[in-house]
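Since the structure comes first, as structure tokens, the remarks are kept for the end.
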Amino acid sequence: MSLTDPGRTSAQYDTEERLAIRQSVWHPTIDGREPSTEALAAIVATSPRHVLEVGSGTGAFAARLAAALPDAEVVAVDRSARMVELTASRGLEARVADAQALPFDDDSQDAVAACWMLYHVPFLDTALAEVRRVLRPGGTFVAVTNGDEHVADLIRASGADVVPTHFSSENGEAALRRHFDEVSRDDFATRAFFADRETALAYLESRQEPVTWSPPTDGWPRECAGHVTVFVAR
Ligand SMILES: C[S@@+](CC[C@H](N)C(=O)[O-])C[C@H]1O[C@@H](n2cnc3c(N)ncnc32)[C@H](O)[C@@H]1O
């Protein structure tokens with residue numbers, strides 16, 4: 001089973017609890033810049049009228065898009081019915097859909113966002129071709145992802161190897177260049193804070209990987225380095 005395994009990804013996001021556990025450990029970066037805020041700014045700067053978020057999770061980013069762009073039509077999709085329900089409960093338009101078959105017309109979007117989700121998509125190039133298809137020429141695609149060394153210290157210290165993904169800080173740019181003419185990137189050193197062994201175990205188990213996690217018994221609290229990249233493609 002891998003990060004892209006459809007069964008594993010689906011079970012992981014059937015409900016919001018595992019995502020909330022993973023998000024709760026992140027602290028502000030040392031320089032105060034925050035990846036999703038920079039991703040939001042990259043979209044808002046283009047003054048889009050039609051914006052699509054793919055893999056919206058609970059809808060937090062789509063809600064920020066809608067607040068920052070009151071005249072825009074913001075639509076969110078996710079393959080998890082529960083995530084769509086949570087996004088819709090914020091008063092946003094949300095639909096169940098797969099990134100590999102977007103239910104939108106060609107050239108219908110001015111901007112598309114995909115935050116921390118492309119590494120789950122089994123056929124990455126199918127999803128990127130779909131984003132390219134629904135974006136109008138010159139439209140903006142913002143994709144956020146993690147690097148291979150993201151919380152790698154904790155993963156290794158807890159008995160597992162780091163498994164590279166197929167859309168990461170390291171290989172995401174090459175993947176995007178297969179579909180887009182221009183790609184720029186902004187890299188972030190992020191910080192996760194684990195108060196105790198139980199918090200770390202809950203974080204690791206929320207990833208639903210086929211690993212029996214064994215975090216160290218001492219050395220808590222512990223801070224771990226994260227690596228995040230915001231790609232902007234046109
Ligand atoms: C790590 S969560 C990120 C959620 C949100 N973008 C965020 O940044 O908080 C990944 C999300 O992508 C969704 N997802 C995974 N594979 C997908 C696919 N093929 N098509 C659409 N959504 C997908 C999951 O259901 C989940 O809500």
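The values are calculated or read from the model by the stated rules, or taken from the named source; none is laboratory data. What you see is a predicted model; the values in this text were computed from it and never measured. Because the Cβ atoms are built from the backbone with ideal geometry, glycine has one as well, and the counts that use them run over all protein chains shown. These area figures cover heavy atoms from the full protein model, side chains too; ligands, DNA and RNA do not enter into them. Shrake-Rupley method; radii C 1.70, N 1.55, O 1.52, S 1.80 Å.
Angle of helix 197-206 to the longest C-alpha principal axis of the chain, folded into 0 to 90 degrees and rounded to 10: 40°. Working note: 222 nm ellipticity from helices only, DSSP H runs with n ≥ 4, each -39,500 (n - 2.57), summed and divided by the residues of the chain, gives -9000 deg cm²/dmol to the nearest 500.
Most tightly packed first, judged by the mean number of other beta-carbon atoms within 10 Å of their residues, the peptides 29-37, 84-92 read 84-92, 29-37. Looking at T46, W213, T9, which one has the Cα that reaches farthest to the positive end of the dipole of the chain (charges on Cβ: Lys, Arg +1; Asp, Glu -1)? Of the options given, the answer is T46. Volume of the convex hull of the chain (Cα atoms only), normalised per residue: 111 Å³. Think of region 6-233 as having a plus end and a minus end, set by charges on the Cβ of Lys, Arg, Asp and Glu; of N146, L128, I21, I21 sits farthest toward the positive end of this dipole.
Residue farthest toward the positive end of the dipole of the chain, with Cβ of Lys/Arg at +1 and Asp/Glu at -1: which of G57, V228, P164? The listed residue farthest towards the positive side: G57. A simple packing score, the average count of other Cβ atoms within 10 Å per residue, orders the peptides 52-64, 216-228 as 52-64, 216-228, with the highest score first.
Using a simple spin-label model with pseudo-atoms 7 Å out from Cα toward Cβ, A101 and E198 lie 4.4 nm apart. Heavy-atom accessible surface of the chain, averaged per residue, reaches 45 Å², computed with a 1.4 Å probe. If you plug the beta carbon distance of A129 and E223 into 1/(1 + (r/R0)^6) with R0 = 45 Å, you get a FRET efficiency near 0.70. Each label point was placed 7 Å from the Cα along the Cα-to-Cβ direction; for E73 and R185 their separation is 3.4 nm.
So, by mean Cβ neighbours within 10 angstrom, what's the order for 172-178, 209-215 with the highest one leading? Could the numbers behind the result be given before it?
On the way: 172-178: 17.0, 209-215: 14.6.
Packing proxy ranking, top to bottom: 172-178, 209-215.
The dipole here belongs to region 6-233: it is taken about the Cα centre, uses +1 on the Cβ of Lys and Arg and -1 on the Cβ of Asp and Glu, and is about 180 debye. In this Cβ point-charge picture (+1 for Lys and Arg, -1 for Asp and Glu), region 108-169 has a dipole of about 280 debye about its Cα centre.
Taken as Cα centroids, region 88-115 and region 170-221 sit 25 Å apart, rounded to the nearest whole angstrom.
Heavy atoms only, probe 1.4 Å: what % of the accessible area of region 6-233 goes to carbon and sulfur, would you let me know? Summing carbon and sulfur atoms, their accessible area is 51 percent of the total for region 6-233.
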